[in-house]
Amino acid sequence: MRIRNGKRTLTITSVGVLSAAVLSAALLTAPAVSAVPMAAPAAAAHLAPRTPKIVEEWAAAWNSNDPRAMANLFTPDGTYTDLAANFVSTGQTAIAEWEQRTDLLIADVHITITEAFRSGNHIAAETIYSGHINGAPNSFAVPATTIFELDGNLISSDRDYYNLATVLAQSGLPLTWTPPAG
């Protein structure tokens, strides 16, 4: 008996009908086998997704506490939206001021990128946002997501999503806490 599936051919001789049916079903549903050897894990490492450069620069700017470094990643009319704090900064000067206020309020602000991917001019980044609110008994480390829109190599929009209630709870502050004026 000869069974054909695409380019694969199986010849069965002196095999029972049931065995032929089982082999036939396996042959019809099995994926094609490649003659190309699989790459060793170390050789395939270059195929792993890489964090987009602008996300690495953004995290480095937060981690350096350099407001100008952050602002320079944005278009002149770019926006930085912190949805948890319900605050929008528009333009490089306002974005630099936003980071400076954040750095004054939160010691040791740190962004750790856990995952990021790009589709066209949009990037999504999952991070751990951590620090210590000045005057709070504890530090915090919460998951956050940022959605970036790019204009060329610059950020035109940054929208940060994280749970402010979790930040306050981890910090040991009441949910009614607000930053000091100034």
Worksheet item: Which residues, taken from the range 127-150, are touching a helix residue (DSSP H, G or I) at 6+ places or on another chain (Cβ under 6 Å), assigned to a strand (DSSP E or B) and among the aliphatic types (A, V, I, L, M)?
Response: Ile133, Val142
Worksheet entry | Selected residue (criterion: nearest to His122 (Cα to Cα)) from residues of the range 156-182 that are of a type in the set (Phe, Trp, Tyr) and in contact (Cβ under 8 Å) with a residue 60 or more places away in the chain | Tyr161
Fill in: Selection from the range 148-182 of residues that are in contact with a Ser or Thr (Cβ under 8 Å, 6 or more places away or on another chain) and aliphatic (A, V, I, L, M)
Leu150, Leu154, Ile155
Worksheet entry | Exclusive hit being open to solvent by 30 Å² or more (accessible area, probe 1.4 Å) and closer than 19 Å to Pro67 by Cβ, set Ser156, Ser119, Ser139 | Ser156
Worksheet item: If you check Ala124, Ala165, which single one turns out to be open to solvent by 40 Å² or more (accessible area, probe 1.4 Å), over 19 Å from Val88 (Cβ atoms) and either modelled with pLDDT of 95 or more or of a type in the set (Asp, Glu) (or both)?
Response: Ala165
Practice prompt. Kindly indicate which of Glu56, Glu97 is touching a residue at least 40 places away in the same chain (Cβ under 8 Å), open to solvent by 60 Å² or more (accessible area, probe 1.4 Å) and assigned to a helix (DSSP H, G or I).
Written response: Glu56
Worksheet, complete the sentence: The one condition Thr178 fails out of (1) of a type outside the set (A, V, I, L, M, F, W, C); (2) within 20 Å of Thr81 (Cβ to Cβ); (3) not in a loop (DSSP other than H, G, I, E, B) is (3)
Item to complete: Considering every residue within the range 156-173, establish whether at least one is aromatic (Phe, Trp, Tyr) and not in a strand (DSSP E or B).
Response: no
Worksheet item: Tell me, which residue of the range 100-116 that is assigned to a strand (DSSP E or B) and open to solvent by 40 Å² or more (accessible area, probe 1.4 Å) is farthest from Asp158 (Cα to Cα)?
Response: Asp108
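The values are calculated or read from the model by the stated rules, or taken from the named source; none is laboratory data. These numbers come from a predicted model, not from an experiment. Note that we place each Cβ from the backbone using ideal geometry, even for glycine, and neighbour counts take in every protein chain shown. For the accessible areas, the whole protein counts, side chains as well, though only heavy atoms, and no ligand, DNA or RNA atoms are used. Shrake-Rupley method; radii C 1.70, N 1.55, O 1.52, S 1.80 Å.
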